[in-house]
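Written below as structure tokens is the structure these notes are about.
The values are calculated or read from the model by the stated rules, or taken from the named source; none is laboratory data. All values derive from a computational prediction rather than experimental measurement. All Cβ positions, glycine included, derive from the backbone under ideal geometry; neighbour counts span all protein chains shown. Heads up: the accessible areas ignore ligands, DNA and RNA and are worked out on the full protein's heavy atoms, side chains in. Shrake-Rupley method; radii C 1.70, N 1.55, O 1.52, S 1.80 Å.
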Amino acid sequence: MYERGFIVACEGNLSVRLPGGRILATPTCMNKGMLEPDDLVVTGLDGRQIAGRRRVSSELAMHLLIYRSRPDVNAVCHAHPPSATGFAAAGRALDQAMLPEVIIGLGQIPLVRYATPGTPELGAALEPFVPHYDALLLANHGAVTCGPDLLAAFHNMETVEHFAKIVLAAEAAGEPKLLSSREVAKLMAARSRYSVTAPPGGGAELPITSDDERGGDEPVTLTREELEALIDEAVRKDRTRR
Ligand SMILES: [Zn+2]
């Protein structure tokens, strides 16, 4: 992750599930590109440190939450990859049906609302998404990915960052053309052919397609002026009807 520029200085953390309900994790306040094996720490699923001379990261709470609610997950990656984190800082999910491989592998990558890193509030914001997704953006913070093993969790992180770069390139090149819901359905059906196991929660939202009909329950942002104009218009229509 350090070599790829997904983290700098002491950022990011990695962990894997060990037999017997123990977690092997990277320590706090150390550059993850310069670790030695005995810098790693071992904790219980409750976060209590069992072994290691270094201190455990407060961000491990996020990993533990994922392990507790996802028995299929054996590794978690947390990083601040610049392009994906740019989306997270702009309040944008990576949720457009743009690339077949991303749709097959991850479906979409939602944005989890901001909460202070390393606090229970971040866990509370994250919790509803964990059963349904293997990759999440954390608003104004970074990304977290998981998988059945460490390489799979890392690959998901690479995919998130690569996808973010491609979305930016597509937007710079013109107006991105999204795939249709029919094409997305075909890709989701093909998942088993690529040995992709969807998260067990099953309730994942599909990416936004070219013919998307949602919007009814999507949050919208209006300026005061736009809101007042809408109200005025509604009142006027109501008066003319009477
Ligand atoms: Zn972080």
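Restricting the search to the stretch 146-167, which residues are open to solvent by 30 Å² or more (accessible area, probe 1.4 Å) and farther than 14 Å from GLY105 by Cβ? ASP149, LEU150, LYS165, listed by residue number.
Residues that are farther than 19 Å from ALA143 by Cβ and in a loop (DSSP other than H, G, I, E, B) were ranked within the stretch 55-72; the one that is nearest to the ligand (Cβ to nearest atom) is ARG55.
Being over 12 Å from the mean Cα position of the chain (by Cα) and hydroxyl-bearing (Ser, Thr, Tyr) is the filter; apply it to the stretch 136-182 and report the residue that is farthest from ILE23 (Cα to Cα). The residue in question is SER180. Between ALA75, ALA51, ALA90, the distinction of being under 18 Å from the mean Cα position of the chain (by Cα), more than 15 Å from the ligand (Cβ to nearest atom) and without any contact (Cβ under 8 Å) to a residue 24 or more places away in the chain belongs to ALA90 only.
Suppose the filter is under 14 Å from HIS78 (Cβ atoms) and either away from the ligand (no atom under 15 Å from the Cβ) or small (Gly, Ala, Ser) (or both); does PHE163 pass it? Considered against the rule, which asks whether it is under 14 Å from HIS78 (Cβ atoms) and either away from the ligand (no atom under 15 Å from the Cβ) or small (Gly, Ala, Ser) (or both), PHE163 comes out as no. Filtering the stretch 7-24 to residues that are within 12 Å of the ligand (Cβ to nearest atom), open to solvent by less than 30 Å² (accessible area, probe 1.4 Å) and on the phi < 0 side of the Ramachandran plot leaves ILE7, ASN13.
Against the definition (open to solvent by 40 Å² or more (accessible area, probe 1.4 Å), modelled with pLDDT of 95 or more, of a type outside the set (Ser, Thr, Tyr) and within 16 Å of the ligand (Cβ to nearest atom)), how does PRO82 come out, yes or no? For PRO82, the condition - open to solvent by 40 Å² or more (accessible area, probe 1.4 Å), modelled with pLDDT of 95 or more, of a type outside the set (Ser, Thr, Tyr) and within 16 Å of the ligand (Cβ to nearest atom) - is met.
Residues in the stretch 1-54 that are part of a strand (DSSP E or B) and either charged (D, E, K, R) or in contact with a Lys or Arg (Cβ under 9 Å, 6 or more places away or on another chain) (or both): 14 in all. Selection of first residues in the stretch 28-46 that are touching a residue at least 24 places away in the same chain (Cβ under 8 Å) and among the charged types (D, E, K, R) and of second residues that are open to solvent by less than 40 Å² (accessible area, probe 1.4 Å) and not in a loop (DSSP other than H, G, I, E, B), restricted to Cβ pairs under 8 Å at least 6 apart or on distinct chains, gives the following pairs, ordered by first then second residue: LYS32/ASN13.
Of the candidates GLN49, GLN108, the single residue that is farther than 16 Å from LEU14 by Cβ, of a type outside the set (Ser, Thr, Tyr) and open to solvent by 40 Å² or more (accessible area, probe 1.4 Å) is GLN49. Any residue at all in the stretch 144-156 that is closer than 23 Å to THR209 by Cβ, modelled with pLDDT of 95 or more and not charged (D, E, K, R)? So far as the stretch 144-156 goes, yes, one or more of its residues are closer than 23 Å to THR209 by Cβ, modelled with pLDDT of 95 or more and not charged (D, E, K, R).
Would you check if there is a residue in the stretch 117-124 being crowded, with 20+ Cβ neighbours inside 10 Å and away from the ligand (no atom under 12 Å from the Cβ)? Checked the stretch 117-124: no residue is crowded, with 20+ Cβ neighbours inside 10 Å and away from the ligand (no atom under 12 Å from the Cβ). Only one entry in ALA198, ALA170, ALA143, ALA204 is in a helix (DSSP H, G or I) and either buried (at least 16 other Cβ atoms within 10 Å of the Cβ) or of a type in the set (Gly, Ala, Ser) (or both), namely ALA170.
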